[in-house]
1. Once every DSSP H run of n ≥ 4 in the chain is given -39500 (n - 2.57) and the sum is divided by its residues, what mean residue ellipticity at 222 nm do you get, rounded to the nearest 500 deg cm²/dmol?
2. Relative contact order for the chain: what is it in percent, counting Cα pairs under 8 Å that are at least 6 residues apart?
3. Report Rg (one decimal) and Dmax (nearest whole number) for the chain, counting Cα atoms only, units Å.
4. Where does each of C72, C300, C42 land when they are ranked from fewest to most other beta-carbon atoms within 10 angstrom?
5. Measure nothing but the geometry: give the 0 to 90° angle between the long axis through the Cα atoms of 274-286 and the longest principal axis through the Cα atoms of the chain, rounded to 10°.
6. Which entries of K28/K220; K161/K240; K131/K353; K82/K249; K27/K173 have Cα-Cα distances beyond 31 Å here?
7. For helix 4-14, what angle does its Cα long axis make with the longest principal axis of the chain, in degrees from 0 to 90 and rounded to 10?
8. Which ³J(HN,Hα) values, rounded to whole Hz and listed in residue order, are derived for the range 32-40 from phi using the Karplus coefficients 6.51, -1.76 and 1.60 in 6.51 cos²θ - 1.76 cosθ + 1.60 with θ = phi - 60°, glycine and proline given as x?
Amino acid sequence: MGNVYIGWAAALKKMGVEPLVPPRTSKKTLELANKYSPESICLPYKMVLGNFLQAIEKDVDYVAMISSPGICRLGEYGQSIKHVLTEMGHGDKYLELQLYDGFNGMYRFLSEISDGNPVAIVKAINIAIRKMFVLDRIENLFSYYRAREINFGTAEKHYNKALALIIDAGNTKELKQAEKEAIEEIKKTPIDENREVIHVEITGEIFLVQEPFSNQYIEKELGRMGVQTRRTLTVSSFVKDAIIPKAFKKGETHLERAYRMARPYLMRDIGGDALESVSDVAYANERGVDGIIHVSPFTCMPEIMSQNIFPTMRENCEIPILTLIMDEQTGRAGYITRLEAFVDLMKRRKFYKKKKEQEALTK
Ligand code: SF4
C-alpha cells in the first residue's frame, strides 16, 4: 500500500528480521491475484493477495496480513487469504497482525516474530512510526514541486532520491538528517513560483488513496495538469488514530475531526473510511480548497454509502466533488478525460470567483 512498506521494513530490520519487499503492484500482480480471488471482492483484497503471491514466488518465509474486527469486508480478508494460501500449499507461511489493538497489537506481533526483547521492540515501533510521518511530509512537499515544475518528471526524479535517503536511515538520528537532505533534494527541482496552481484534496478508501497503481497514478496525472494534491487519508493520520497511545497524541486526530465534521450527514462509523470521507468534504469546503476527489474501489460498501451522501452535502457545501470508482476494468482514456474536465471546471470556478471579488472591490 504505497510507501507503508518503508516503515514496516525498518521495524523488521531492527528486530533482526529480513524484510522482502515484493515488486511494486502492477498488472502482473492483479493478473496473479485474479486467478485466486472471488470475482466481486474489492480491489485492495486482490492487490494484497497478489503482493503475497509475488513475495512467495521470491521464496519468502512468511507473509503477514492485518486483521480487523471492522464493519466492512476487511474483517474477512485475513481468513480468505489464509484459505487461498492453504489451498496452494503455503498455509504455514501465513501470519496475522492485529493492528486494531493499536500499539499492543504491533508490539505483540514483533515479539512473536523475534526474540521478544522489549527495548528493541519499542525502538522498532518508534522508527517505523517516525518514518511514516516523514514520508507523508515529504509527499506533500513533492506535490508542491510537481505542480510547479518547469520540466515534467524532474520533481519525481528528486523525490525518488529523497525516498532512498529515508529508506537508508537506520535510527532516529539518521532519520532526522535524512529528512533534511530529502527536503533539500526535492527543492532542487526547477519550478515556476508564479504558476497559478489548483489545490485538490484526495479522499476515499485508504488503500486506493495511498496506492498509485490502483488509483491509476491520480496524483501524477493531476500534477501534470498543474494541480497540487493533498491526501486527506494518510498513513501517519491512521497511525495517530490507531497506534500511538493517547498520552502521546497532540491536537485533534483525523478520526476525532471526522466524528465532529461528518455530522449531520453521517452520525456513526459505518466501516471503512466513509466517516472520514464525508468529513473530509466538509473540512475541505470550510477551508476553501478548489476541489476534492473521492476514490473508491468498485463494490466497496462504506464508500458507496459516502458517495450517496455527497449529493445532500452539495446543498451546504460549494466545493466541487469528483467521485471515481476504480476496478481493473477502468479504462485510462475515459478516466483522464474526467480528470481534465474536473480541472477545467475548478479553473473556471476559481477565475470567476476572483473576478467577482475584484468587481466587489471596485464598486
Ligand atoms: S473499505 Fe471497502 S475496499 Fe476497503 S476492505 Fe472495506 S469494503 Fe473493501
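1. Values: 15 runs with 205 residues, N = 363.
After summing the helix terms and dividing by residue count, I get -18000 deg cm²/dmol.
2. Working: 510 pairs, mean separation 60.0, N = 363.
For the chain, the relative contact order is 17 percent.
3. Gyration radius and largest Cα-Cα distance of the chain: 21.1, 77 Å.
4. Numbers: C72 19, C300 28, C42 25.
Ascending Cβ contact count within 10 Å gives the list C72, C42, C300.
5. That helix lies at roughly 30 degrees to the long axis.
6. On the way: K28/K220 21 Å; K161/K240 27 Å; K131/K353 40 Å; K82/K249 35 Å; K27/K173 38 Å.
K131/K353; K82/K249; K27/K173, as the Cα separations exceed 31 Å there.
7. With rounding to tens, the tilt is 30 degrees.
8. With the stated coefficients, the range 32-40 comes to 5, 5, 4, 5, 10, 10, x, 4, 9 Hz.
Values in this text are rule-based calculations from the coordinates and carry no lab data. These numbers were taken from a predicted model, which means no experiment stands behind them. Because the Cβ atoms are built from the backbone with ideal geometry, glycine has one as well, and the counts that use them run over all protein chains shown.
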